[in-house]
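Input: a single structure, listed below in structure tokens.
The values are calculated or read from the model by the stated rules, or taken from the named source; none is laboratory data. Model, not experiment: these values are computed from the prediction. A quick note on method: Cβ atoms are made from the backbone with ideal geometry, for glycine too, and the neighbour counts reach across all protein chains shown.
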Amino acid sequence: MKKGSKIGIIGGGSVGLYSANLLLRNLENLEIDIIERHSSLGKKILASGNGKCNFTNKYVSPDHYNDRDFVAKIFKQYDINDTLSFFKKLGLIYKFDEEGRGYPHSESATSLLEVLELGLSDKVNSILNTTVEKIEVKENKINLHFDNTYKEYDYVIIASGNIASNLSSESNNNYLRFLDLKSREINPSLVPLKTIENLRDISGLRFKGGVSLYGDDELLHKEEGEVLFKNDGVSGIVVLQMSHYLNKHKRSDYHLKFDFVTTLNKQELKKYLSSKKDLLVEDIFKGLLNTKLAKRLLRESKINFDSRMVNSLREFEIELLVNLVKEYRVNIKDTYPFEFAQVASGGILVSEISDDLSLKRYPNIFVGGEVMDINALSGGYNLQFSWSCAGVIAKALIERSKEE
């Protein structure tokens, strides 16, 4: 990389801001443009973690991602320790919760964005409210077309995320078609799920319990966490995780099973319900379940319980109630649209990308973050991948400066 090299960064999010900071601290006489479609930088950062910015996870590993081998190569070059060290240099104070999720000490995404912006100098030109319309490679130069003109760069970093990153159902990555790269279809991920069943009567109800995802009747994933019922679907952290596995395993039919009482196994629950023999059947779930949920389960059991006592229930009826509590099924119709997604699955295939994150066919163009076909569970893993991508790209450009 020659002195005075011009670098165009498409996207003023995590990859764009972090890579610009690293480059400015390690190289001199750079001209950097950050081209951002929104009116300010870091809009997705501010929205992460419900505004608290879960920016990493101390337990991060390649196993949390859809392509373990590729991510392992990235983390080998720039890992969480490198990330935390650099954020310290930028002046960020952070902390971790009991599950390893990292947050700014202020628990405000603004704190993280502020240190990233403070690290930029007057050598960084932010071109806001601007969408790149075309990318053109001519010999050793790259032209980015926008606003009825174009600018010439020595290197370009593509960090424009994907549809979910843009907080919109419209992609701003149409310029990528000019590079003719192989990619996988974009789908919303870490997103609430729509159900075939109408859940209006329990809408707004939250519970912590077990959730299992099935695809074509095969168990795909199982974990415990918080679930939120909506009019036409389900949300909550554990459901968002399920959407990741739904994208990972391509099946034709999906359903969820909820365990509303994880502290009791089926036999223990059967014994507990049977012990209420002197109560009316309509009161059998009192002290155990939310009233709205109890009414729904009793209704779906189709047991004729008018004025019946629990001691009149036959064994198969008790077992039916037990199964409704421990394996309540809802059928998945679809995901919610991109506007509700934290990230998206799909993007540029990793087969198009070198280990230093340059494109194999265009070695002066780098890609990082969600624009690639890499996604992970929630918990800080997606942002950590972005920081690591930015670190790898910056290292590659620093090495090239030594060669030139």
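Figures for the structure shown
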| quantity | calculated |
| --- | --- |
| Test: residue in the stretch 360-378 that is in contact with a Gly (Cβ under 7 Å, 6 or more places away or on another chain), charged (D, E, K, R) and in contact (Cβ under 8 Å) with a residue 60 or more places away in the chain | yes |
| Complete set of residues in the stretch 343-358 that are hydroxyl-bearing (Ser, Thr, Tyr) and either surrounded by fewer than 17 Cβ atoms within 10 Å (Cβ to Cβ) or outside any strand (DSSP E or B) (or both) | Ser351, Ser354 |
| Ser388 buried (at least 24 other Cβ atoms within 10 Å of the Cβ) and closer than 30 Å to Tyr153 by Cα | yes |
| Test result for Leu118, buried (at least 22 other Cβ atoms within 10 Å of the Cβ) and either at pLDDT below 95 or outside the structural domain of Ser48 (by TED's automatic domain parsing) (or both) | no |
| Matching residues, the stretch 206-252, being surrounded by fewer than 18 Cβ atoms within 10 Å (Cβ to Cβ), aliphatic (A, V, I, L, M) and more than 26 Å from Thr291 (Cβ to Cβ) | Leu219, Leu220 |
| Residue in the stretch 127-154 that is surrounded by the most Cβ atoms within 10 Å (Cβ to Cβ), counting only those that are in a strand (DSSP E or B) and hydroxyl-bearing (Ser, Thr, Tyr) | Tyr153 |
| Matching option when the condition is surrounded by fewer than 23 Cβ atoms within 10 Å (Cβ to Cβ) and in a helix (DSSP H, G or I), among Leu92, Leu23, Leu17, Leu46 | Leu46 |
| Which listed residue, of Thr149, Thr110, is over 29 Å from Ser85 (Cα atoms), assigned by TED's automatic domain parsing to the domain that holds Ile393 and at pLDDT 90 or above | Thr149 |
| Any hit, the stretch 162-185, residues being among the basic types (Lys, Arg), at pLDDT 95 or above and either surrounded by fewer than 22 Cβ atoms within 10 Å (Cβ to Cβ) or closer than 21 Å to Arg329 by Cβ (or both) | no |
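For (1) under 29 Å from His221 (Cβ atoms); (2) touching a helix residue (DSSP H, G or I) at 6+ places or on another chain (Cβ under 7 Å); (3) not assigned by TED's automatic domain parsing to the domain that holds Gly215, each residue gets a yes or a no:
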residue: Lys276; (1), (2), (3): no, yes, no
residue: Leu279; (1), (2), (3): no, yes, no
residue: Lys295; (1), (2), (3): no, no, no
residue: Leu298; (1), (2), (3): no, yes, no
residue: Arg308; (1), (2), (3): no, yes, no
residue: Leu324; (1), (2), (3): yes, yes, no
